[in-house]
Every structure is written in structure tokens, then in C-alpha cells.
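A.B. asks: Below are the C-alpha cells for one structure; questions will follow.
The values are calculated or read from the model by the stated rules, or taken from the named source; none is laboratory data. Being a predicted model, the structure only gives us computed values, none of them experimental. Here the Cβ positions follow ideal geometry from the backbone for every residue, glycine too, while neighbour counts run over all protein chains shown.
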Amino acid sequence: MPNPADIALYVVLLLLLIFVAVAISRAIKIVPQATALIVERLGRYHRTLEPGLHFLIPFMDRVRKHIDLREQVVSFPPQPVITSDNLVVSIDTVIYFQPTDPKAATYEIADYIQGVEQLTVTTLRNVVGSLDLEQTLTSRDQINGQLRGVLDDATGRWGIRVNRVELKAIDPPPSVQDSMEKQMRAERDRRATILNAEGVKQSQILTAEGEKQAAILRAEGSAQSAILEAQGEARAILQVFDAIHKGNPDSKLLAYQYLQMLPQIAQGDANTLWVVPTELTQALQGIGSALGAPGSPGHAHLDAAAGAMQEGAGTGDGDGLGSVDLEDPGEALRRAREEAAGASREAAESTRTSRRGVAGPRPGGGRTDPEQGHADSE
């Protein structure tokens with residue numbers, strides 16, 4: 001059976017070993033990087049331990065608080081804030097801060113995180129209370145700057161430096177959000193309508209320009225077609241005219257052709273009555289004389305012209321028709337108008353001359369009207 005004295009000795013040795021281990025653990029402190037330890041000796045601030053190995057006096061020095069010197073990010077819950085136009089908005093804030101003085105952060109304020117939160121809420125209400133909803137939604141940078149300035153001044157004596165303040169969310173009331181969505185939808189619809197109208201306008205302008213150019217091209221084509229058609233008809237008339245004269249027609253043929261044309265002149269739906277003038281015989285005699293009756297000067301002139309055409313045809317091309325040069329349509333039109341005007345003047349002069357020759361003085365001093373026939377003379 002062991003001796004009680006030995007047992008007591010063993011217990012004392014064990015307690016001594018435990019005491020030495022605890023003393024050594026309290027005496028040696030290893031501080032990690034970006035961390036500061038506040039050491040108190042006999043209940044009073046003694047020193048701040050920086051990163052590295054440090055020795056303390058056991059049971060006299062104790063570590064009061066560990067301070068993390070890295071920048072910290074704290075997100076505060078949404079806070080209701082009333083704007084100047086009496087609307088309640090919910091604002092979430094995020095604070096970026098960093099302890100710069102571990103002693104002040106330990107002894108100047110009990111909980112610097114809670115202090116920063118409450119200071120942020122009060123400052124945010126003061127800043128947003130002077131702004132309306134529109135300014136609050138569009139002035140985030142201004143609000144962030146004002147919050148940072150106030151917080152940095154207030155937390156400087158706490159050993160805290162506020163680096164940045166951000167408004168994470170600004171939530172208006174649901175009714176206001178619905179009104180804003182309707183307003184934005186109406187604005188987008190208006191812009192879409194304006195853009196659609198601009199597109200229709202541009203389309204109509206381009207269509208009108210295309211139709212204008214097409215109409216101009218069609219008009220130019222019609223003009224060119226009319227000019228070519230007129231030139232073709234003129235060439236055909238000239239070739240027919242040359243072919244007739246080169247065929248040496250006599251006066252009988254021309255008189256026969258004239259008589260064949262008289263029924264065609266009388267035909268027509270509007271010709272219900274055709275009056276044959278009394279001067280028809282004289283007109284036929286004049287035509288026969290002009291076209292050249294046998295033995296008359298006109299006939300000799302026509303035969304001479306026909307002979308000249310035959311001589312010209314003998315020296316022409318193989319088909320009997322020489323090449324016809326067409327003049328400019330405008331010049332031809334002008335010359336044709338001058339010839340038509342001259343012919344009209346000659347016809348009017350001839351008519352007046354014939355009337356003066358036929359209507360001579362009567363014994364009673366009267367005159368005979370050629371259109372009334374021989375009624376007055378009888």
C-alpha cells in the first residue's frame with residue numbers, strides 16, 4: 001500500500017507542472033499579421049502587441065481584445081427613410097471601414113460596428129430627407145459622398161476610418177413602383193411610335209422619289225418613242241411619195257383616185273346629208289387641168305416631172321428608192337407650220353379672187369352670188 005506522503009508529493013508535483021504550463025502559455029504570445037492585441041497589466045492599458053513573438057508576465061498581463069486591422073465590409077439591413085415629398089423608401093447600405101487605432105477602437109466605444117450602423121441610419125435619414133424621390137433615385141453618388149464625410153468625421157475618434165459607403169438598394173413603395181413602370185412603359189411606347197412614324201415618313205419619301213424618277217423615265221421614253229414614231233411615219237410618207245412619182249402616174253389615174261375618195265368622204269355616222277355643190281364640175285375640171293389633162297400645159301409639166309423622177313430612179317439604188325435624210329423633228333415641225341400657214345393664206349386669197357371674178361355687176365346694180373346658183377340671173 002503506497003505511503004500517503006508519497007501520494008501527496010505526486011499531487012504537488014502534478015500541480016506544479018500544470019502551473020508552469022499555464023504560466024508559459026500566458027507568458028508567450030504570437031500575434032498574426034494584420035492583427036493587434038490590447039494588453040492590460042493589473043487592469044490598466046499597458047501596450048499594443050504588433051504582429052510577431054511577444055513575452056508577457058503571467059498573471060499580471062492579460063490580453064483585453066483582438067483587433068482585426070484589415071478592411072471590413074458590413075451590410076446593414078434595409079432602413080425606412082422618408083423623402084421630402086413624403087414617400088417612404090427602403091434603403092440598404094454597405095460600409096467599408098478599417099480600424100487604424102486599436103487602443104481607440106477598444107476604449108473609445110464599446111462596439112464600433114453597432115456605432116457605425118446607428119450613425120449611418122441617422123445620417124442617411126438627414127441626407128435623404130432633404131431630397132425628393134426623383135433626386136434620391138438619381139443622386140446615389142451625392143448621397144454616398146455625404147454619408148462618407150459624416151461617418152469619417154464621427155468615427156475618427158473611435159480609431160475607425162470609413163473608406164467607402166454604398167447604397168445597395170433603394171426600394172420605393174409598391175404603388176410608386178407600379179406608377180413608375182407605367183410611366184416608363186408609356187415613354188417607351190411613345191418613343192416606339194415616334195420611331196415608327198419616322199420610318200414610315202422615310203419610306204414614303206423614298207417611295208415618292210422612286211415614283212418621281214420612274215415617271216420622269218417613262219415620260220422620257222414616251223417622248224423618244226413619239227419622236228421615233230414621227231420620224232418613221234415621215235420616212236414612210238416620203239418613201240410612198242417618191243414611189244408614186246417614180247411610178248409616173250398619169251392624169252386619168254389621179255382623177256380616178258379622186259373619184260374613189262368621194263364616197264369615203266361621204267361615209268360616216270354623222271353624215272346624214274351630203275350636199276354636192278354646183279361648182280363640182282368646175283372643181284373637177286380644175287383638178288384635171290392641175291393634174292395635167294392630155295394636151296394641157298399641166299399634163300406636160302407632170303410628164304416632165306415624172307421623166308425627171310424616172311431618170312433619178314435610174315441612177316439610184318437597186319430598189320428604186322433613194323436614201324431619205326430626215327431632218328430634226330423640231331425644224332420639220334416649224335417648217336410644216338410655216339407651209340400650212342402659207343397654204344391657208346393662198347387658199348383664202350384664191351377664194352376671194354374667185355368670188356370677185358364670178359360675182360360681177362348686174363344691170364340693176366346688183367351682184368350675182370355664186371353660192372345661190374343661177375336663180376338671180378333667171
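A.B. asks: Out of contact with any Gly (no Cβ under 7 Å at 6 or more places or on another chain), surrounded by 13 or more Cβ atoms within 10 Å (Cβ to Cβ) and either more than 29 Å from GLU50 (Cβ to Cβ) or not assigned by TED's automatic domain parsing to the domain that holds THR83 (or both), is that true of LEU131?
C.D. replies: yes
A.B. asks: Residues that are touching a residue at least 24 places away in the same chain (Cβ under 8 Å) and within 49 Å of the chain's Cα centre (by Cα): which helices (runs of 4 or more DSSP H) entirely in segment 66-165 hold 2 or more of them? Let's see the steps before the verdict.
C.D. replies: Working: elements: 102-107, 112-129, 133-138, 140-155.
Fully inside segment 66-165 and qualifying: 112-129, 133-138, 140-155.
A.B. asks: Another question about this same structure. Only one of ILE170, ILE237, ILE227 is without any contact (Cβ under 8 Å) to a residue 24 or more places away in the chain and either under 30 Å from THR120 (Cα atoms) or not assigned by TED's automatic domain parsing to the domain that holds THR83 (or both); which?
C.D. replies: On the way: ILE170 fails: without any contact (Cβ under 8 Å) to a residue 24 or more places away in the chain; ILE227 fails: without any contact (Cβ under 8 Å) to a residue 24 or more places away in the chain.
After ruling out the rest, the residue left standing is ILE237.
A.B. asks: Another question about this same structure. Exactly one condition in (1) over 30 Å from ILE109 (Cα atoms); (2) outside the structural domain of VAL128 (by TED's automatic domain parsing); (3) of a type outside the set (D, E, K, R) is not met by THR83; state its number.
C.D. replies: Of the numbered conditions (1) over 30 Å from ILE109 (Cα atoms); (2) outside the structural domain of VAL128 (by TED's automatic domain parsing); (3) of a type outside the set (D, E, K, R), the odd one out for THR83 is (2).
A.B. asks: Can you name the residue in segment 76-102 that is in contact with a helix residue (DSSP H, G or I) (Cβ under 9 Å, 6 or more places away or on another chain) and of a type in the set (A, V, I, L, M, F, W, C) and, of all such residues, is surrounded by the fewest Cβ atoms within 10 Å (Cβ to Cβ)?
C.D. replies: By that ranking, first place goes to ILE82.
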